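Novice: My questions all concern the structure below.
The values are calculated or read from the model by the stated rules, or taken from the named source; none is laboratory data. It should be emphasised that the depicted structure is a prediction, and the values quoted were computed from it without experimental measurement. Positions of Cβ are generated from backbone atoms using ideal geometry, with glycine treated the same way; all protein chains shown enter the neighbour counts.
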Ligand code: AMP
């Protein structure tokens, strides 16, 4: 499908229908089409090169106008949410050569509010003015992003500590949408329905709700960050949404399920739950089936690098009741999955190996990162293929996901490279070494612990304060002892309090952890900041000189 043609069709047929609702802000299909035309013409006039354009902000209908304006002007867009910390925003802006950045929220670090990283800031006031300019002539379809050109770039966590930009072409998006409109319910049923948006636009899960909704001529109801953080408002908003199609991470559904009022009475029109991005637990699926008898539950799987998702399975009550983990589904048309061993050879059915995705939604690679692209992407015949780094197996064509083979994790639905956190912790002047270990609960990552070694100067200060440094062995024993089920995740300092007389001064350790967390907030989004810091006298090493993650409770590097 050509999504821009589809959107034009809907804007023509239902101009007055609302396409997007974010809090009190609404946008009609007509406004979306006309304003994005005008902004596209303006961009084409001020920008010489067709470089990708960053769009910074949160859930604001104007974000969508900006996205479409970029692609109508023949440029890819790169969404950046306000939850991305300044240092990362700067890295992304510096990676993109365009001369402008479109914003619907204030870029705090831009001192003059005129430029950011050498780019001209086009803020809400400018946008409003451009939207009203009738003299700006709509670009023809021949100027739109072409099928093999990049439509959007989404930056994800990168193991070097620098985010990497996944390039998705218009064709990838079109092939994905040909399939996603039929997930759970038919495209006819989805026509004109209300889709719920939970994920920020800088996460590719949002493509599932945003673009499937646009393809179906629906209305996107956005749950803003502050609404998601406020329980009372969240349920109220859900009720007001009258959503028919639910798209979220399973973690978000778990949050909602903890309130007994979250059921079909709250959302009588809900017909389908679409999940992606992390493991959907049997229990979550069962609870949803109990509380929403009128809705079906669909599990989908895929990475940003292959346009949101490539497999799906309808979770029947029988599947949810089984004592094995839920499968992640069968491949969509145009995609093939192979399971490879460590030599890159296909393994027989039922055997575990790396999940390889081959097909028409695989990205063209990481933006201006040739080396990284070569490592992760390859071709099979004419098709692009991607090494997911996920472990899984196939049985009767059904894919089962078994976790990661590297150091990437999912925490509350967010994709995180542990090395990304570690590299950023090492940027702190107090730290000489850091290893981050995920803590598991109920088969999922529930929090992160950073094991750190302080540099000499900080160590001296620490010792002067009387904070004891632990050996790796004793730290691990304590972690196990106090993190056993029932005690919950330990906040920094909790170990120390229980260790009275053990040489710890809880308050000081707390202060040190709090200080490190504060410093880290400049480089990392809050969900990537470890909950707990453990101070080691030295990092345990394996025989080949790598940090011994296994000893600290994690996987081998
Ligand atoms: P992202 O690029 O943020 O969508 O993250 C992609 C990764 O999330 C995949 O490589 C998997 O490790 C994980 N993932 C995606 N979908 C599922 C699923 N249905 N079940 C378990 N893990 C998933």
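Novice: Do we find a residue being loosely packed, with under 15 Cβ neighbours inside 10 Å, under 30 Å from residue 373 (Cβ atoms), within 25 Å of the chain's Cα centre (by Cα) and at pLDDT below 95 anywhere in segment 90-106?
Specialist: no
Novice: A further question on this structure: Hey, could you check segment 382-423 for residues that are more than 15 Å from the ligand (Cβ to nearest atom), under 22 Å from residue 518 (Cα atoms) and surrounded by fewer than 22 Cβ atoms within 10 Å (Cβ to Cβ) and say which is farthest from the chain's Cα centre (by Cα)?
Specialist: Taking the candidates together, the pick is 423.
Novice: In segment 493-521, what residues are in a loop (DSSP other than H, G, I, E, B), under 34 Å from the mean Cα position of the chain (by Cα) and at pLDDT below 90?
Specialist: 493
Novice: Buried (at least 20 other Cβ atoms within 10 Å of the Cβ) and either in a loop (DSSP other than H, G, I, E, B) or more than 22 Å from the chain's Cα centre (by Cα) (or both): which single residue out of 239, 278 fits that description?
Specialist: 278
Novice: If a residue counts only when it is within 16 Å of the ligand (Cβ to nearest atom), which helices (runs of 4 or more DSSP H) contained entirely in segment 61-178 have at least 1 such residues?
Specialist: 86-95
Novice: Another question about this same structure. Starting from residues that are near the ligand (Cβ under 7 Å from one of its atoms) and in a strand (DSSP E or B), keep the ones in segment 300-331 and report whichever is surrounded by the most Cβ atoms within 10 Å (Cβ to Cβ).
Specialist: Across segment 300-331, the extreme among qualifying residues is 301.
Residue-by-condition table, conditions (1) away from the ligand (no atom under 12 Å from the Cβ); (2) touching a strand residue (DSSP E or B) at 6+ places or on another chain (Cβ under 6 Å); (3) in a strand (DSSP E or B):
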| residue | (1), (2), (3) |
| --- | --- |
| 221 | yes, yes, yes |
| 227 | yes, no, no |
| 233 | yes, no, no |
| 286 | yes, no, no |
| 290 | yes, no, no |
| 298 | no, yes, yes |
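Novice: Still on this structure, I have one more. Could we say that residue 346 is closer than 26 Å to residue 219 by Cβ and either more than 10 Å from the ligand (Cβ to nearest atom) or surrounded by fewer than 21 Cβ atoms within 10 Å (Cβ to Cβ) (or both) here?
Specialist: The answer is no for residue 346.
This table checks each residue for (1) within 15 Å of residue 14 (Cα to Cα); (2) in a helix (DSSP H, G or I); (3) under 23 Å from the mean Cα position of the chain (by Cα).
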site: 185; (1), (2), (3): no, no, no
site: 189; (1), (2), (3): no, yes, no
site: 192; (1), (2), (3): yes, no, no
site: 195; (1), (2), (3): no, no, yes
site: 200; (1), (2), (3): no, no, yes
site: 207; (1), (2), (3): no, yes, yes
site: 210; (1), (2), (3): no, yes, yes
site: 217; (1), (2), (3): yes, no, no
